[in-house]
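Novice: I'd like to ask you about the structure that follows.
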């Protein structure tokens with residue numbers, strides 16, 4: 001995008017930036033935790049600079065001072081490859097061909113993990129293929145273990161999930177998130193046709209492992225059923241041109257660390273809040289408000305918090 005392309009939109013840019021509507025990072029500046037890791041919000045001085053630039057007539061400035069063109073990241077590269085190297089394990093879905101038109105599809109293949117010994121996971125990244133990125137809405141995955149008594153594969157826990165914009169998950173060094181030997185992975189991939197057929201699409205999961213002698217203080221388990229904030233069994237009925245609201249509660253019996261909070265509501269979600277209640281003091285604090293997934297710097301909560 002060039003200066004000539006941007007200039008006609010200068011007044012609109014100023015208005016949106018001053019109102020906090022752009023860049024599209026809606027995080028409440030006045031309520032909740034403000035100390036965020038890798039904070040993407042514009043500072044007040046940056047907002048004032050943009051507004052002053054527009055008020056001064058949108059001068060081009062010296063072309064020699066222009067920054068070099070942005071080198072956009074390769075979306076086919078694993079998120080943590082620069083930090084951890086290539087993944088130790090890659091788990092793929094079975095191929096699926098999606099027609100150009102039709103209803104939404106939920107593809108649910110079950111595949112072996114490929115791991116032959118118990119290991120602690122360091123990081124996980126799920127990515128759609130280049131050709132399937134426009135039709136793969138999300139991809140959930142769960143671990144299955146073999147139950148000797150029933151001689152059947154049974155659900156163990158959620159493994160990971162993919163949605164556009166998610167970069168992956170990293171397990172803290174003091175924790176062990178176990179990937180059992182000889183386990184299976186159950187996929188649930190949501191496809192939706194967009195007018196172009198996609199042949200033999202495959203969603204991949206990269207898994208990085210801690211060394212075999214990894215010493216961990218705590219066990220890490222991911223299970224949305226334990227921490228879902230929706231009321232049990234509740235469904236929202238949204239009338240045409242109307243609104244709906246729901247609340248859910250979860251209390252913690254031990255001290256917990258909340259690194260991040262991720263809402264998921266598709267195009268119908270217009271807002272969410274996460275509030276922390278301390279039963280000892282009666283204090284109620286709003287931690288997060290807005291459709292973003294911030295990472296907090298000091299996320300410890302005491303036992304009994306709800």
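Novice: Grab the beta carbon distance between residue 83 and residue 166, set R0 = 22 Å, and tell me the FRET efficiency rounded to 0.05. Kindly include the intermediate steps, with their values, before the conclusion.
Specialist: Values: r = 17 Å, r/R0 = 0.76.
About 0.85, to the nearest 0.05.
Novice: Right, something else. Which order do the peptides 3-12, 115-124 come out in when sorted by mean C-beta neighbours inside 10 angstrom, highest first? Write out the running numbers ahead of the final one.
Specialist: Working: 3-12: 10.8, 115-124: 18.3.
In decreasing order of mean packing, 3-12, 115-124 become 115-124, 3-12.
Read-outs: derived from the displayed coordinates by stated rules, not from any lab. Values in this document were obtained by computation on a predicted structure and should not be read as measured data. As a convention, Cβ positions derive from the backbone with ideal geometry for all residues, glycine included, and neighbour counts pool all protein chains shown.
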